[in-house]
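Below: one structure, written as structure tokens.
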Amino acid sequence: MRVSVFGLGYVGCVSAACLAATGHRVVGVDVNRVKVDLVNDGKAPVVEERIGELVAEGVRSGALRATGDVRAAIMDSEVSLVCVGTPSEFNGSLCTTYLERVTEEIGAALAERGGRHTVVFRSTMLPGTCLNLLLPILEKYVGGTAGVDIGVAVNPEFLREGTSVRDFFDPPKTVIGELDPASGDTVAALYDGLPGEVFRVPIPTAEAIKYADNAFHGLKIGFANELGAVCQALGVDSHQVMDVFLADRKLNISPAYLRPGFAFGGSCLPKDLRSLVHAAQRADVSVPILAHVLPSNADHLQRAVELVERTGKRRVGLFGLSFKPGTDDLRESPLVELAERLFGKGYDLRIHDANVSLSRLLGANREYIETRLPHLAQLLADSVEDVLEHAEVCLVGTRDPAVLSALPRGSGGPVIVDLVHLPDAEARRAEPGYVGLAW
Ligand SMILES: NC(=O)c1ccc[n+]([C@@H]2O[C@H](COP(=O)([O-])OP(=O)(O)OC[C@H]3O[C@@H](n4cnc5c(N)ncnc54)[C@H](O)[C@@H]3O)[C@@H](O)[C@H]2O)c1
């Protein structure tokens, strides 16, 4: 394909040189004359493993060249990759100035070009930036409709600086946010023959995936470093701890606990986080990530309370009470905490949990409920139907099949506040009377 690459920084230069090496004809465009001249001299404007030889070879073979002339580049290509910088503003917000400017320039050139051309944004940008900010700019300048006259896609870059050439030829994944199938096909064709799974998703999903990845990578590093510092203070070999931690592929290095759902609770996680943070503080070790896990969890629980408040309704049903399915353990159950808050705010509450019957609760469990929710007995309903009859709003905190099969669909019934991402959540999301907690 004939490709123009806008921005010859780390992302653009690697993309341009690697695409040229895989058989495409590439023209790089940059406002920085020095970078343009360097590429045309067969030299890479960035330092990266193997990039020098790829740029030299691309220029020598005629597959790669650079220019400052946007119009000429657009006239001579069927797809543009936008790789300009998106730095932070002083207040932390995303600077989209370079993106806006280059989109205007590309749009103006496309207005003269005619024929379909696909604009692919590779820069990192917040969800909504492409559809709400850049696409209208393109349509205005081109004087046409995106998805019809011009293709638009978002194709975030997941390569690591330092090994990005190697990563280009063996990527962790390829994500294509497509406005329409033809735009997605064009991006897929660019990487034809490269390994790794290809995900074709809506544009805002593609934009968000890049942030999910980078936020998680930062979180992982911060977690490991804080844990290391605590271990060191307690005289424990942190690398040995992490060797064993990492060997657990069932619960640790796995998809476990990584789906948005309800707050956590139970008799272990809150208690153990509290004592670990306390031990760190006693040893004068700052652990802001670990110290904020429980407050983050409390905020998530509060989101459920606010969703009920926003409905303006007073008669509330709650399905599920124990801290997780298949147990009657109520200690530090987030659903008990939720019930307590709603009860305290004067909501008319009915609760059903097939595993919880007050007469069967024993020992610490009973003591816990007697101190935290002494009115539980009068709130418990025997059947799912009793709760449904009572409720104007239903909080679903369990995937108990008896509850799932009884939940009404569509409008007319109680508002469903979904705390567990119900199996039919995707279909329900489009319906009135359904609210997901974080989806
Ligand atoms: N560096 C990375 O490893 C990496 C990885 C993934 C994603 N990203 C994202 O990719 C984007 C680019 O990052 P980078 O590190 O390559 O940035 P960079 O600052 O190295 O390069 C950006 C280039 O864009 C050029 N430019 C600015 N306006 C232009 C215009 N109107 N026309 C043509 N060129 C223009 C600049 O002169 C510069 O050479 C950012 O959104 C970044 O967040 C970077």
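The values are calculated or read from the model by the stated rules, or taken from the named source; none is laboratory data. Small disclaimer: the values here were computed from a predicted structure and weren't measured. Every residue, glycine as well, gets a Cβ built from its backbone with ideal geometry; the counts of neighbours run over all protein chains shown.
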Single residue of the range 29-56 satisfying the filter (within 11 Å of the ligand (Cβ to nearest atom), part of a loop (DSSP other than H, G, I, E, B) and aliphatic (A, V, I, L, M)) that is surrounded by the fewest Cβ atoms within 10 Å (Cβ to Cβ): V31
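Among A21, A66, A16, which is the only one that is of a type outside the set (S, T, Y), out of contact with any Lys or Arg (no Cβ under 9 Å at 6 or more places or on another chain) and surrounded by 24 or more Cβ atoms within 10 Å (Cβ to Cβ)?
On the way: A21 fails: surrounded by 24 or more Cβ atoms within 10 Å (Cβ to Cβ); A66 fails: out of contact with any Lys or Arg (no Cβ under 9 Å at 6 or more places or on another chain).
Exactly one residue qualifies, and that residue is A16.
Only one of these is within 13 Å of the ligand (Cβ to nearest atom) and either within 21 Å of V36 (Cα to Cα) or assigned to a loop (DSSP other than H, G, I, E, B) (or both): V84, V59. Name it. Talk me through it step by step, then tell me what you get.
On the way: V59 fails: within 13 Å of the ligand (Cβ to nearest atom).
The unique qualifying residue is V84.
To keep it simple, each residue is scored yes or no on (1) in a loop (DSSP other than H, G, I, E, B); (2) touching a Pro at 6+ places or on another chain (Cβ under 6 Å).
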residue: R341; (1), (2): no, no
residue: N355; (1), (2): yes, no
residue: Y368; (1), (2): no, no
residue: C394; (1), (2): no, yes
residue: R399; (1), (2): yes, no
residue: A402; (1), (2): no, no
residue: S405; (1), (2): no, no
residue: G413; (1), (2): yes, no
residue: V435; (1), (2): no, no
Here's a check for you: in the range 145-171, which residue that is more than 12 Å from the ligand (Cβ to nearest atom) and out of contact with any helix residue (DSSP H, G or I) (no Cβ under 8 Å at 6 or more places or on another chain) is nearest to L110 (Cα to Cα)? V148
The one condition V26 fails out of (1) among the β-branched types (V, I, T); (2) buried (at least 16 other Cβ atoms within 10 Å of the Cβ); (3) outside any helix (DSSP H, G or I); (4) within 12 Å of the ligand (Cβ to nearest atom) is (4)
Of those in the range 1-13 that are in contact with a helix residue (DSSP H, G or I) (Cβ under 7 Å, 6 or more places away or on another chain) and of a type in the set (A, V, I, L, M, F, W, C), the residue surrounded by the fewest Cβ atoms within 10 Å (Cβ to Cβ) is M1
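In this structure, does L276 turn out to be aliphatic (A, V, I, L, M), assigned by TED's automatic domain parsing to the domain that holds G363, more than 19 Å from A364 (Cβ to Cβ) and surrounded by 15 or more Cβ atoms within 10 Å (Cβ to Cβ)? Before the answer, list the steps.
Working: aliphatic (A, V, I, L, M): yes; assigned by TED's automatic domain parsing to the domain that holds G363: yes; more than 19 Å from A364 (Cβ to Cβ): yes; surrounded by 15 or more Cβ atoms within 10 Å (Cβ to Cβ): yes.
Taking the combined requirement at face value, the residue satisfies it.
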